[in-house]
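Each remark here refers to the structure printed beneath this line.
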Amino acid sequence: MNTGENPPTQFVDNDLKPVGHGRMLRKEDARFIRGKGRFIDDIQLPGMLHLAILRAPIAHGRIVSVDVTLAEAHPKVKLVGTGAMLAEHGLAWMPTLANDVQPVLATDKIHFQWQEVAFVVADDRYAAQDALELIDVEYEQLPVVVNARTALEASAPVIRDDLAGKTDNRCFDWETGDKQATDAVFARAEVVVGQEMVYPRVHPAPLETCGAVANYDPIDGDLTLWSTTQAPHAHRTLYSMVAGLPEHKIRVISPDIGGGFGNKVPIYPGYLCTIVASMLTGAPVKWTEDRFENLTSTAFARDYVMHGEIAATKAGRILAIRTNVLADHGAFNGVAAPTKYPAGFFGVFTGSYDIQAAHCAMTAVYTNKAPGGVAYSCSFRVAEAVYLIERLVDCLADQLGMDPVELRLLNLLKPDQFPYTSMTGWIYDSGDYESTLREALKIADYAGLRREQAEKRASGELMGIGVSVFTEAVGAGPRKDMDILGLGMADGAQLCLYPTGTAVLRVSCQSQGQGHETTFAQIVAEEIGIPPADIKVVHGDTDLSPFGMGTYGSRSTPVSGAAAVLVARKVRDKAHLFAATMLEVTVADLEWRKGSFHVIGDPAKSLTIQQIAKWAYGTGQLPDGVEGGLEAHIHYHPENLTYPNGAYICVVDVDPGTAVVTVRRFIAVDDCGTRINPMIIEGQVHRGLTDGVGMALMEMITFDEDGNCLAASLMDYLLPTALEVPDWETGFTVTPSPHHPIGAKGIGECATVGSPPAIVNAVVDALKPYGLRHADMPLTPSRLWEAMNGNAQPPM
Amino acid sequence: MQVPAPFEYERATSVDHAIGLLSRRGSTARLVAGGHSLLPMMKLRLANFEYLIDINDLHRDLGFIKVEPSRVRIGAMTRHRELLESDDLRRLFPVFNDAERVIADPLVRNRGTIGGALCQADPSEDLSAVCTTLDASCVIRGPAGERVVTMAQFYRGPYETAVGPDEILTEIRIPLRPNGSSAFEKVGRRAGDWAVVSCGVAVWLRDGLITDARVGLAAVGPNTTGIPAVSQALRAKAPSEELYAEAGEIAARSCSPVTDQRGSAAYKRHLAGELTKRALRRAVARIRGEEP
Ligand SMILES: Cc1cc2nc3c(=O)[nH]c(=O)nc-3n(C[C@H](O)[C@H](O)[C@H](O)COP(=O)(O)OP(=O)(O)OC[C@H]3O[C@@H](n4cnc5c(N)ncnc54)[C@H](O)[C@@H]3O)c2cc1C
């Protein structure tokens, strides 16, 4: 196995110009650093109108009346849309990704604060906004449910009275694992530790908010939609299903996207309003959401109240884990996860440990809050699962008086146990968890840190060391198990070598900043031996790329990446046939060295892939039964998920007087299998670790008891800055995935998933002298100070 | 995109021009200085003014830091960044530099002004604490001429000041007294965040005894508070850890924080004490040359 520490500064020698995998600068940065990216709001079309959305200021209530007369009379207004108007077209409601329904514009009832009520289309954005103020809506308020813990009380108002026969706020019940077996292990266990913990509601908060430009051509009946989507093809199919437009007449374009993090997976009412507006006005229409709208109405993540228990021997062997989860789904179930997985991949909550039994029972509820439940860099709820197990293991270490690293080493799965079927039925593909952890311990000088901590404690300073060893589950997904709204989670790829030896790769996944134009070119370069600079990656336009399910859940490299490898190999195989014909030898006489075929035993007789490409489009006699040209197409579905893993160590200092937490060091050793571009991997890890600091220390969407969202701006919903994070110390181990054609696993979300428990564990460790075993995120100074004073409170 | 309601706009060319425009337009008009408080409110349509009078050209006349024998005068249009980078202020009133380092971010500091900061009268505003600590006075000019008010007179309530609708704050004056120094402490939830609590302290020593001390606390009441009881408790005493602790207790007891998103009232009260203690310790260390 390869291990190593990444260089401390990002050193990239682009002169090395890897033909294939390796450290190289990102191709797309040439336009981004010049400010030449093309985002939704940059799109200008002749005669384009502007749409703005009116939102309800109350969290729960009936609409008594909507009067749009004054708004319609505004000289610059072209169209005013209401729920009643959409209802006439059968478009007032739309399906969510989880097979629930959600209003596009409210018809009779408001379910959460800032829900969409009406839209205005005007000559410019200013006029549209002005006209919103001319719409008069009368509401009749209803009692609200903001706290999931009270949602199922008999006295709670029923939020979803649109659902036939609904008499309570239960969204679904779900369970996994073996309850009987687990309870039996618990009954005879020497040690049982339980802890309730909350993973607060957070927001992906991408830098670019959501938006769309719709251009409907009334003559051809063609609709072109530029939109902030992480899944353009899937959205195309859904628009066709919802709006009744023929799918081949819809073109969805996802241009440069300023971050998604799961926020741009769902279809939002704003997109549909924009489409309807373009169809009704016959003009192109733009809608650009503002920050306030993005934070208050688009998909949130997490919001789980988890009660976990861990059973073990006195010597520290973990035997079983069980948990009860209360999941707050907001007003509509908008969770983005494969159909069979209403709780996403939360089932991997058994973590990286060799245990005997596990069980989870979950109840999901509706509340008067914005819908969502998307993968905010959490690989479909793996973040919640990892947090649960990694906090529980620390609680157990505390109970047993054991070092948390020692306890983990005792229980980690061993390399020879892979492929490993977990107690909840997940088949982990590969891993060498102990080596990964030992690499982190080495970089951190763990023993030295513990010595330093002992000295500091003696002088009253509060230093903490936190560890998390996590297993991710990414790359949805296997055809037999995974679909979203009936669409299997496979990805297409298409590769064409042109006569002059350069290539175009068309992929179905789409980049929101991950650097696909670079990585995917490198993947193909490695397989066919032409420089990445000669390979253009086309993505994000349904008319120009093959069908696939998009980019989220760290699935690009596991699924589309595999597709790119296999399509390149198809092209290479065809080139192999041509080379044999060209050199008048048999296929078996040729060997491939990256970039060229050589006659075995006579290496001077050779052909480069570029020479073969030219010939493929030329006049030479083709081999029997083979077409000319050099291109291939593939539709790939993985046989399993990939399971990247990592070991993280966080060092914090807590100011005893102010309870301010400083993350002093953070060591992240990731194993994502084969590493395509280490620089891009480090970038993804740095991003995710920063996210982790945000969630652990400051991020949370709060509501008051009337359902008012208190996180409606970036002054209230805090995101970490460079000043809150240390210089990341990253390292790696490489355990290839056995079923991915180049052994690569996903990396995009690992750090977001793995870092919050390391940080919380470190803070709790720092506060050992206060007898603290747990404190809920976000560990803001005030919340932590309250915890230090014996007044730890779950966040609300 | 957040867009404000329609408004008219004019650039003032002199203080008198600005006052003239204000007098004519009445309460529908507003001055815009750095715009970092006013424009976000207008974009969110929390505040709608029909008429904006841009006073940025007045930076020529009102952007200054002048040291005179018995006082320092700071023009209302002086930008945060100029306060941060002023060597005179760092030498005479290090509290400014301490505070400016943790106010907002470089973008806001490049445009935001001390006049705008004080006139916004946000209860968590840091420069109000600094000016209260330093016993500053404010020069306000209107159609009827100029008047000078103390900081205590300046604040009328949250977001409310003594500056009338046709008046403009032109200058802040800070008395210069020998053998003193100052310091500022702040806890935010993140860099660039408004204060959970912030605290300025100024101390003067003679022959090892405190001759005078002042405290200015932000974010623990409707407006910045000076807490005279702290000054009384410190006068004529020798600085010591016990004394700082006592001052901290008085500060904690005397303020009136409320629970909000930034923290619980109990925590803020605790911080008022803790930060008072820390700022006193640092200000005294500075007089003694033990700390820069
Ligand atoms: C992201 C962000 C973070 C911030 N963080 C902090 C922080 O940590 N601590 C802190 O203290 N502040 C903070 N601020 C506020 C910042 O300091 C502002 O610049 C300041 O409050 C207002 O100054 P301004 O010049 O921009 O005023 P403007 O927004 O132009 O004006 C504010 C108000 O004052 C009036 N006004 C301005 N000048 C005068 C004058 N000369 N006479 C009479 N009335 C006048 C205006 O009419 C308006 O009503 C932050 C602001 C932002 C945007």
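Against the test of being more than 24 Å from A:Val101 (Cβ to Cβ), at pLDDT 95 or above and not in a strand (DSSP E or B), the options A:Val348, A:Val305 yield a single qualifying residue, A:Val348. Listed conditions (1) of a type in the set (Gly, Ala, Ser); (2) within 11 Å of the ligand (Cβ to nearest atom); (3) outside any loop (DSSP other than H, G, I, E, B) are all met by B:Ala233, apart from (2).
Here B:Arg111 meets the list (1) surrounded by fewer than 24 Cβ atoms within 10 Å (Cβ to Cβ); (2) away from the ligand (no atom under 13 Å from the Cβ); (3) touching a residue at least 60 places away in the same chain (Cβ under 8 Å) almost entirely, failing just condition (2). The single condition among (1) of a type outside the set (Lys, Arg); (2) in a strand (DSSP E or B); (3) crowded, with 24+ Cβ neighbours inside 10 Å that A:Phe380 does not meet is (2). Given the criteria in contact (Cβ under 8 Å) with a residue 24 or more places away in the chain, polar (S, T, N, Q) and not assigned by TED's automatic domain parsing to the domain that holds B:Ala202, does B:Ser124 qualify? Yes; evaluated as a whole, the condition is true for this residue. Counting only helices (runs of 4 or more DSSP H) that sit wholly inside the stretch A:398-497, those with at least 3 residues that are assigned by TED's automatic domain parsing to the domain that holds A:Val382 and open to solvent by 40 Å² or more (accessible area, probe 1.4 Å) are A:433-444, A:446-458. Within the stretch B:236-285, being part of a helix (DSSP H, G or I), open to solvent by less than 50 Å² (accessible area, probe 1.4 Å) and hydroxyl-bearing (Ser, Thr, Tyr) holds for B:Tyr244, B:Tyr267, B:Thr276. Candidates in the stretch A:719-750 are the residues that are surrounded by 24 or more Cβ atoms within 10 Å (Cβ to Cβ) and in a loop (DSSP other than H, G, I, E, B); of these, the one that is nearest to the other protein chains (Cβ to nearest Cβ) is A:Glu749.
Checking each residue in the stretch B:190-230 for being out of contact with any helix residue (DSSP H, G or I) (no Cβ under 8 Å at 6 or more places or on another chain) and closer than 25 Å to B:Glu160 by Cβ picks out B:Asp193, B:Trp194, B:Gly221, B:Pro222, B:Pro228. Meeting the requirement of 3 or more residues that are within 13 Å of the ligand (Cβ to nearest atom) and modelled with pLDDT of 95 or more, the strands (runs of 3 or more DSSP E) wholly within the stretch B:1-106 are B:29-32, B:51-54.
Only a single criterion out of (1) farther than 23 Å from B:Ile103 by Cα; (2) within 14 Å of chain B (Cβ to nearest Cβ) is not satisfied by A:Glu682, namely (2). The strands (runs of 3 or more DSSP E) falling completely within the stretch B:174-225 that include 2 or more residues that are within 14 Å of chain A (Cβ to nearest Cβ) and either within 13 Å of the ligand (Cβ to nearest atom) or open to solvent by 30 Å² or more (accessible area, probe 1.4 Å) (or both) map to B:180-187, B:197-206.
Residues in the stretch B:227-272 that are hydroxyl-bearing (Ser, Thr, Tyr) and touching a Gly at 6+ places or on another chain (Cβ under 7 Å): B:Ser256 alone. Reported count of residues in the stretch A:751-770, each being within 21 Å of A:Asp429 (Cα to Cα) and open to solvent by 20 Å² or more (accessible area, probe 1.4 Å), is 0.
Contact map, the stretch A:738-761: residues that are polar (S, T, N, Q) paired with residues that are in a loop (DSSP other than H, G, I, E, B) and buried (at least 24 other Cβ atoms within 10 Å of the Cβ), Cβ distance under 6 Å, separation 6+ or inter-chain. Pairs shown: A:Thr752/A:Ser377.
Exactly one residue among B:Arg109, B:Arg91 is among the charged types (D, E, K, R), under 16 Å from the mean Cα position of the chain (by Cα) and outside the structural domain of B:Thr28 (by TED's automatic domain parsing), and that residue is B:Arg109.
Quick one: is A:Lys286 crowded, with 24+ Cβ neighbours inside 10 Å, out of contact with any Pro (no Cβ under 7 Å at 6 or more places or on another chain) and within 14 Å of another protein chain (Cβ to nearest Cβ)? When the stated conditions are applied, A:Lys286 passes them.
The values are calculated or read from the model by the stated rules, or taken from the named source; none is laboratory data. Worth saying up front: this structure is predicted, and the values here are computed from it rather than measured. Here Cβ is always computed from backbone atoms with ideal geometry, including for glycine, and neighbour counts include all displayed protein chains. Keep in mind that these areas ignore ligands, DNA and RNA; they rest on the heavy atoms of the full protein, side chains included. Shrake-Rupley method; radii C 1.70, N 1.55, O 1.52, S 1.80 Å.
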